[in-house]
Each structure stands twice: as structure tokens, then as C-alpha cells.
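Just below is one structure, and these are the notes that go with it.
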Amino acid sequence: MNDMTRVERTVDSKAIKIAANDVQVHYGDTHAIKDVNVEIEDKTVTAFIGPSGCGKSTFLRCLNRMNDTIDICRVTGDILLDGEDIYDKRVDPVQLRAKVGMVFQKPNPFPKSIYDNVAYGPRIHGLAKNKAELDELVEKSLRRGAIWDEVKDRLDAPGTGLSGGQQQRLCIARAVATEPEVLLMDEPCSALDPIATAQVEELIDDLRKRYSVVIVTHSMQQAARVSQKTAFFHLGNLVEFGETGQIFTNPEDPRTESYITGRIG
Amino acid sequence: MALSWLLLILLALAVIGYFAGRSRALASADGDARALHSLPSYYGYNVALTALIPALGILIIWLLAQPLIVENTVSGMIPDTAISEGSDRGLVMSEVRRVAYGLDGAIASGLLSEAQARNADADVQALTQSLKDAGQVLTQDISKPILLAAQKYRGITSTGSIAMQMAVLIVALVGAALAYIRTHKEFRARNVVEQGILALLLLAASIAILTTVGIVLSMLFETMNFFQLHSWKDFFLGSTWAPNFRGGSELSILPLLWGTLYISLVALLVAVPVGLFAAIYLSEYATGATRSIAKPLLEILAGIPTIVYGLFALLTVGPALVSLFGDGGALGLGWMASSNAVLTAGLVMGIMLIPFVSSLSDDIINAVPQSMRDGSLGLGATKSETVRQVVLPAALPGIVGAILLAASRAIGETMIVVMAAGAIAKFSGNPFEAMTTITTRIVSQLTGDTDFASPETLVAFALGLTLFIITLGLNIFALYIVRKYREQYE
Ligand SMILES: Nc1ncnc2c1ncn2[C@@H]1O[C@H](COP(=O)(O)OP(=O)(O)OP(=O)(O)O)[C@@H](O)[C@H]1O
Ligand SMILES: [Mg+2]
């Protein structure tokens, strides 16, 4: 329990970055997300926890409209980013995704060189004025993804040739390179060893200074270590949402308590 | 006994063997299937396959070898004096064969008895007459040596077939008996059947390969005959295609190759962009409903016989192009004199190749994992950026392979070019002129009255073989590219 008190909890309330009201998600006939209301604060790490299949990834994908790519997926309710409804017709999902970056559950590097993988976002959005600036941006991102030392001598090698854990860190670096305002991470550490995990957690803590981060995780310790807010999902419902310390030490809902003490999930 | 009867008997033997083997196995285990090493049916299959496979193998080899042996023996019998001026042994042999079949036919229709057909001292004139009465095709009156050879031919062939039937049946029976005797509850029938199935599959594969080898060899022999009559230098390095059946032809492949490649290039310029874009639309943009209608529609194009494309070129595309580019045409350019042109053939061939390119590319693009697209979209890329920078590069090796396959189809395509390309062999870069291809020349050299001893006819085989080697090379290159890139990406 020491872990949980270690991170300094900032109690003063921050600006709301993303607000979700009455969000429902259907996959065809499957009702995957039911009536979810949640407020994600700026400059905060929010953890989504819950048993497998409860809808964490689904909800996360709503936040940058990645669910648009799934034909049978239907989202209702509103999700406001900086007070603006992201499902509004005037909002361009492409622009939105540049602001709300994502690291996927399964590592998905492009079949390109490591360098081109990281430079992909900056090139599309014209973030670098010249080659030198791009080089610098790529190096910075790879360092933040805690993979620079392993790949600095083979930036031209294909990204798909890396190990699973290295691929995941490459994907993190790739997402960070685009300088998003919100970073959504779907189990970013599930394929990583403890050292890389610690480095990624350090990165998340660092990102918190400027961005808002949402992380899905199956590790209670991780949620407790890195997040300030925690949301517990169960069977498509948001059961409990609050201060991480509160959720882990004094949950209100019996389901939350059973889950974090290992009785369901 | 006809071949079909032999096959039926073999099959019956296999079926009987199956049940016999099965019940013997069960009997050896006192009717308790669990005491057997393998399932009861495996013992049955074991007997059936042991009877069938070696017998079929022998049958196939015999069928392939017997005609060669008969031909050799009989052609050795024909005295040189029987070969008239201007003819050769091959022609005489075909006459012998014709007489042999004629005798068979006459016996079948009851005009001749077996004894009469075998009579070596038969009156040649009378025999010729009775064969003609029986409606058999003979090109000349039968001479004595030819009759003798034909009788010999029939004799060897029929002894051969009887021997073959005996051999096949004996092998089948011995196989069945051996397998039957070996059947016992300890016997590992399952493992043996596994090997039997392997042998069956090998047999099928080797038939396919042997046929290919046979085709290549037959082309090769005729090609060698051609090069004995005509210099290879003119064929490969000359610059003129001017066949002349009175001799002194110039037969160079180069102008034909140029025409072939030029028309194929035009076809690919049409088919690759259109096919690829259609594939991208279908796999990336179209909704499920559109896709389920558009894809079959596109594939209908692939089912149209090429002769119909040829008609389309001849009657629609050619005149349309002339009315655009021709004298007094809409553009007032006067570039195109006749509807037979490289452009006509290339355009229509391109249309023919669109479904080929699009359906292959569509499969390849669909095989790119969705997670790759998600990754790109998740970074704020648009759909077309994702397609251009992630999906296509990932699918590129497969697409290059598809394009090369389309190219080899274009090079080998015949009907469209026969009808739309024209017949003039020349080097020219003007797409509005008529040109000709390797395939059309093969057709024209082999149609009509042909004399298989003249270089003008035999050149068709040399052309065909060269074409075969070009397309083979292209296919191998396509495979190489696909493999190389695949390694890089995995
Ligand atoms: N593409 C899809 N099509 C249909 N149903 C889906 C799809 N994706 C998810 N689902 C369904 O939605 C529900 C929630 O899935 P989701 O992937 O969000 O779970 P999760 O909480 O992320 O689980 P995990 O921890 O295992 O990743 C599941 O019941 C799943 O079957
Ligand atoms: Mg998930």
C-alpha cells in the first residue's frame, strides 16, 4: 500500500480536457458500452481498469473516433474535447486524431524503417522544417519511448524486425512524435519487461506535465503507480470513477473492491 | 478389352479389397475394433490402395512407353526403297498408321475379317478398295511394304495391350493379396495408408510435371529442326520478318518481339492504374454493399472470352479511335489510317487485364492487417495518406507480382491481337500504326496448307518456345520479387 501513497496526489481540480456524457456503444447487436459519464482532466493520468472484455478498449477508441473504422460500430451520446463535441459533423476526425494520439493494444509498426516509423506523423503534419529538425525530433521521440539506445545504430532497419516489446516502445515513440494533446494508451506495457515498463511509466509521468494521458492497464500496481484518477469498468458500465488513492484504498462499490482484491476479473 | 474396362476392374478389385481387408482385420481382433492398431477402415484402405497404386503406375508408364517402342520397331522395318523422292520416313510412318487404323475400322464395320487383315499375301489393290469402301481415309494406294508395316504395327500394338492388361491385373492382384495376408490386428495400417496417400499425391503431381516436360520437349525438337533449316543468327539477330513459302525467307523474331512488347506495354499502361485504383476503391473505400455488387461485376469482365474482346476491338474501339485520330477525325489529326493499330489492341487488351490486376491486388491489399491502417489513422493520417504510405508499400511485393503476371498474360495473348493489331512486322514507335506480335505470327504460319518440313512452318515452334521462355522468365522474376520483399517485411 506504500506504492499508492508515494505519488503525490494533486487535489486542486484542473481544467476538464475530455468530458463524456451518456456514451453508448453498440457493435451490431452487442451493447458494449452502457451510459458512461466520465471527465478526463488536463495534465492528469487517468487509468482505465476492469476485467477483460468489459469495454475499456472500446471506450478508449471512442475518444479519438477510431471506432469510425469499424463498420458495425455505433456510438451515441456526446464526447467533448475542450468543450467541443468530437462527434459533431464539423469536426474532422483526421485533425482530431492528430490531437488525440493512440498507442494500440497490439504493437503495429509500419513495414518501414525505424526512422520512417517515427517520422511518419511529423511528416504528415509538417512538424519539422528540415531534415535536421526531423532527425532531432525522431531522436527525442525515440528517447522518450525508452528505445533510443537499442536502435540508434540501426535506424534504417525495418521496424517490424524488432522484438515485441521493442515494437511497442517504437509505437509509443511514434505516437509521441506527433506531439498530441491527449495520449491514449491501450495496455502499453503488456509486452514489456520490468525495466522497459519502468521507463515507459517514467515517460507517462513526464508527459503529464504537458498533456493528458489515458492508460488502460491490467496491472493494479501500475494503475496505482502512474495515475491520479482511475475508472473501473465492468460489463460495459463505468462502475466507479475517482481519485486513484480513493479507489484503491476505499472503494465505494463492492464490485470495485472485489476486482482490485482479485475476486472478479 | 478397352481401357475403361480395365479401370473398372481395378476399381472393383479395390472395393472388394477394402471390404475383405476390413473384415479380416476385425476377425483377427475377434470383432473388437478397439483391439486393432488402427481404425478398421484403414485396413480396408490399405488393401485397396496396395492393389490400386502400383497397378495405376504401371498402366501410366506403359501407356506412355508403348507407342514409342512400337513406332521405333516398325519404322526400322520400312526399307529405304519404300520411301519415295521428296518424302521422308516420318511421312511414310503416318501412312502406316493410317492403314493400321483403317484396317481396325474395316474390321469393326464388318467389311474385313481379322484373318484377311492379317494376311501378308493379300492383294494390295483389293485391300485398298475394301478400305475405301469402309470409308477409311487413305491418301494413296497401299504399297506392299506399307501393308506389311501396318500389319506389324497392329500386331505389336495388340500384343502390347494384352501384355499390359495382364501385367496391370497381376500387379493389382498380387498387391491386394499381399496386403490382405499382412492384415492383422497388430499391423500398422494407419501409417501404411499415410504413405499410400503420399504416393497417390505424388503420382498426380508427376503427371502434371511430365506433361509440361512433354510439351517443352516437343517444342524443343521442332525448334531444333527449324534451326537445322534456318540460321539462328537471322532468327535472333535479324531485323526483318518476311516469310516466303517459295524459300529465301527472312525470319527474325525481333520485329515481332518489339510488336509484342509494345502492345503489352500499352495494355499494362491501361490495366495497371485502372485495376489498381479499382482495387483500392473496393478494398479501402467501398461499403460492404457496394463491394458485394461491384466486385462480381468487375469479375464478369474476366469471364468474357478473348474472341469477344477481339470483336469489340475490331468493331467498336478501332473505328472509334479512327474517328478520333484518323483522317477527318474529331481531333483533325489524321494520324491513324486503319483501325488495326497498336493502340486498338493495347487498349482492349488492357481492358481485358483490368479484372486480373484488380482482383489479385484486392486480395493482396485486403491481406494487409487492419492494425496497420489503425496505426496510421491513429496518428492523424487521412485515408488516402494511409493507403499511399502504409497500405500500398506493405502490399507492394504482391502487387508487383500481380503486374508481372498480367504482363505475361499480355505477352501470350492471341485472339485480340490477331483481330486488332494488324499483320505488319516492323520496328516503329508510332502507336497508331499496325504491328504484329509473336502469337499472331504463330497462328498465321500454322494455318492453311502447312508443310512441316519447311522453315516457314517450323519457325512457329521456335517462336512458341521463345515466347514460353520469356513468360517463364517473367513469372520466375515475379516470384523472386515477391519473396525478396516479403523477407524484408517480416
Ligand atoms: N470489432 C468488434 N466487433 C464486434 N464486437 C467487438 C469488437 N471489438 C470489441 N467487441 C466487443 O466489445 C466488448 C468490449 O471489448 P473491448 O475490446 O473493449 O474489451 P477490453 O476491455 O478492451 O478487453 P481486454 O482487456 O481483453 O482488452 C467485447 O464483448 C467484445 O466482444
Ligand atoms: Mg482491450
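Structure data summary
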item: Residues of segment A:193-202 satisfying the condition of being crowded, with 18+ Cβ neighbours inside 10 Å, among the hydrophobic types (A, V, I, L, M, F, W, C) and at pLDDT 85 or above; result: A:V200
item: Residues satisfying the stated conditions in segment A:118-140, i.e. more than 9 Å from chain B (Cβ to nearest Cβ) and closer than 16 Å to B:G375 by Cβ; result: A:V118, A:A119, A:P122
item: Candidates A:V118, A:V151 - the one that is over 22 Å from the mean Cα position of the chain (by Cα) and of a type in the set (V, I, T); result: A:V151
item: Flag if B:L458 is touching a residue at least 40 places away in the same chain (Cβ under 8 Å), surrounded by 19 or more Cβ atoms within 10 Å (Cβ to Cβ) and either in contact with a Pro (Cβ under 8 Å, 6 or more places away or on another chain) or over 30 Å from B:G326 (Cβ atoms) (or both); result: yes
item: Enumeration of residues in segment A:224-240 that are within 13 Å of ligand 1 (Cβ to nearest atom) and buried (at least 24 other Cβ atoms within 10 Å of the Cβ); result: A:A231, A:F232, A:F233
item: Qualifying residues in segment B:413-433 (those that are small (G, A, S) and under 16 Å from B:L315 (Cα atoms)) - the one farthest from the chain's Cα centre (by Cα); result: B:G422
item: Answer from A:I114, A:I79 - the residue that is under 20 Å from A:S163 (Cα atoms), away from chain B (no Cβ under 13 Å) and surrounded by 16 or more Cβ atoms within 10 Å (Cβ to Cβ); result: A:I114
item: Pair list, Cβ under 7 Å, 6 or more apart: segment A:253-265 residue closer than 11 Å to A:V239 by Cβ, other residue in a loop (DSSP other than H, G, I, E, B) and modelled with pLDDT under 90; result: A:R255/A:I264; A:S258/A:I264; A:Y259/A:G265
item: Residue ID - farthest from the other protein chains (Cβ to nearest Cβ), chosen from residues in segment B:374-400 that are closer than 14 Å to A:Y120 by Cα, touching a residue at least 12 places away in the same chain (Cβ under 8 Å) and of a type in the set (A, V, I, L, M); result: B:V387
item: Residue ranges of strands (runs of 3 or more DSSP E) in segment A:31-120 with at least 1 members of a type in the set (K, R); result: A:73-81
item: Pairs, first more than 16 Å from ligand 1 (Cβ to nearest atom) in segment A:204-219, second assigned to a helix (DSSP H, G or I), C-beta under 6 Å, six or more apart; result: A:I204/A:V226; A:V213/A:I204; A:V213/A:L207
item: In segment B:320-335, the residues that are at pLDDT 80 or above and aliphatic (A, V, I, L, M); result: B:A320, B:L321, B:V322, B:L324
item: Selected residue (criterion: farthest from the other protein chains (Cβ to nearest Cβ)) from residues of segment A:45-71 that are more than 11 Å from the chain's Cα centre (by Cα), buried (at least 20 other Cβ atoms within 10 Å of the Cβ) and more than 9 Å from ligand 1 (Cβ to nearest atom); result: A:I49
item: Residue that is away from ligand 2 (no atom under 15 Å from the Cβ) and without any contact (Cβ under 8 Å) to a residue 12 or more places away in the chain, where the choices are A:A198, A:A173, A:A177; result: A:A198
item: Meets criteria (within 16 Å of ligand 1 (Cβ to nearest atom) and more than 14 Å from A:D116 (Cα to Cα)) for A:Q199; result: no
item: Subset of segment A:97-106 [more than 8 Å from every other protein chain (Cβ to nearest Cβ) and at pLDDT 90 or above]; result: A:V100, A:V103
item: Inter-residue pairs, beta-carbon under 8 Å, first within 14 Å of A:L183 (Cα to Cα) and in segment A:49-72, second part of a loop (DSSP other than H, G, I, E, B) and within 11 Å of ligand 2 (Cβ to nearest atom), 6+ apart; result: A:S57/A:Q105
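The values are calculated or read from the model by the stated rules, or taken from the named source; none is laboratory data. Keep in mind the model is a prediction, meaning the values are calculated, not measured. Because the Cβ atoms are built from the backbone with ideal geometry, glycine has one as well, and the counts that use them run over all protein chains shown.
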